[in-house]
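Worksheet for the structure shown next.
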Amino acid sequence: MADHEGKEGKFSRRDLLLRIQAASQARWEEEKTFYAEPAMEGQPCPEGKFFGNFPYPYMNGLLHLGHAFSLSKLEFAAAYHRLCGKRVLFGQGFHCTGMPIKACADKLDRELTAYGCPPRFPTQQDEEEEQQPAANGDAGAPVDPTKFVGKKSKAQSKKGPGATQWDILKRSGIQEEDIPQFRDSSHWLHYFPPLAERDLRAMGCGVDWRRSFITTDMNPFYDSFVRWQFWTLYRQGKIVKDKRYAVYSPLDGQPCADHDRASGEGVGPQEYTLIKMRVKELKGVCGKCYKVVMLSFEVLPFTKKATVALCSGRRSLGLWVLDAV
């Protein structure tokens, strides 16, 4: 009993702050403190206006401490300008465009197709059991005590916990029976934004939640706004439609931008110079009937005219004399 009372006393100040927080947030909601209404036509606004927005967090998971740290700067600024008497609009959007959500949904679909639902992924124990017969076969071989032999490959040893999409969602607190719904990319758009709003409300951010939105064409209002921006800039000659080299995903059938890839961030198209080399001397039927040209590539182009001797490691192939063309 004394121990229970001691614990209550230990956290009494924390609990008091939480009660104050809950009461204050309930009052803000009741009085619509953060609702931003535009000034009526002709109505003076001597103190001015302030609009702030935090870069939309991406909705392929829950918010984390980094979001709270960055968002706090805008929260403090909005509160300051509100105290100065300005009309403050703090709207909050949620980023749902791009390929990462679809890539996660497709990855989950492949995992469930390959390993069942719920999936049974190969474990370290399974891999060790597969390697056991080979290890037993070398049981009589001498062991060098100065050398360390790992049981896992280099790639396997780097793979951390929760590397599968199933585990990532499970670690986010999602029940196993609900995870298969995330094979549909649109489900992510309905699941994570309300949780993000829940966390931002708990943080006490002064957001006008009437103006909350998600991106993508699932929100026709925001989609029309983005289209208006692009068409306006296009008519003014500020942007043009043109072709450019891009990293292409054969799996998804479309280009994959830098931040849309699950791995390979920072990798861009690589320009190569192809050099056609005609084989001058070639024995056999090929040399008599065909003009044989071999292709070589270089990252940096070199002299256009060069004589190259190409020698094979196998004597039967002989020596070819090539000319760059």
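Brief remarks on what is shown
Matching residues to (1) part of a loop (DSSP other than H, G, I, E, B); (2) among the aliphatic types (A, V, I, L, M); (3) open to solvent by 100 Å² or more (accessible area, probe 1.4 Å); (4) modelled with pLDDT under 80:
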{"site": "Lys241", "(1), (2), (3), (4)": "yes, no, yes, no"}
{"site": "Leu282", "(1), (2), (3), (4)": "yes, yes, no, yes"}
{"site": "Gly287", "(1), (2), (3), (4)": "no, no, no, yes"}
{"site": "Met294", "(1), (2), (3), (4)": "no, yes, no, yes"}
{"site": "Phe302", "(1), (2), (3), (4)": "yes, no, no, yes"}
{"site": "Val308", "(1), (2), (3), (4)": "no, yes, no, yes"}
{"site": "Asp323", "(1), (2), (3), (4)": "no, no, no, yes"}
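- When residues in the range 167-199 are screened for being crowded, with 18+ Cβ neighbours inside 10 Å and touching a Phe, Trp or Tyr at 6+ places or on another chain (Cβ under 8 Å), 7 of them pass.
- The residue pairs whose first member lies in the range 264-275 and is part of a strand (DSSP E or B), whose second member is not aromatic (Phe, Trp, Tyr), and whose beta carbons are closer than 6 Å, counting only pairs six or more residues apart or on different chains, are Thr273/Glu298; Thr273/Pro301; Leu274/Leu295; Ile275/Ser296; Ile275/Ala324.
- Residues of the range 208-237 satisfying the condition of being touching a helix residue (DSSP H, G or I) at 6+ places or on another chain (Cβ under 8 Å) and either assigned to a helix (DSSP H, G or I) or more than 21 Å from Asn60 (Cβ to Cβ) (or both): Trp209
- Considering the range 243-263, and only residues there that are of a type outside the set (D, E, K, R) and under 18 Å from Asn60 (Cα atoms), the residue that is most open to solvent (accessible area, probe 1.4 Å) turns out to be His259.
- Hits in the range 84-96 - residues which are open to solvent by less than 50 Å² (accessible area, probe 1.4 Å), within 26 Å of Asp260 (Cβ to Cβ) and not aromatic (Phe, Trp, Tyr): Gly91, Gln92, Gly93, Cys96
- Among residues of the range 50-89, those that are over 16 Å from Glu37 (Cα atoms) and in contact with a Cys (Cβ under 7 Å, 6 or more places away or on another chain), counted: 4
Yes/no matrix, rows are residues, columns are (1) within 23 Å of Arg211 (Cβ to Cβ); (2) among the hydroxyl-bearing types (Ser, Thr, Tyr):
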site	(1), (2)
Ser12	no, yes
Asp15	no, no
Met40	yes, no
Phe50	yes, no
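The values are calculated or read from the model by the stated rules, or taken from the named source; none is laboratory data. Every value quoted in this text rests on a predicted model; they were computed, and no experiment measured them. Because the Cβ atoms are built from the backbone with ideal geometry, glycine has one as well, and the counts that use them run over all protein chains shown. Surface accessibility is based on the protein's heavy atoms, side chains included, excluding ligands, DNA and RNA. Shrake-Rupley method; radii C 1.70, N 1.55, O 1.52, S 1.80 Å.
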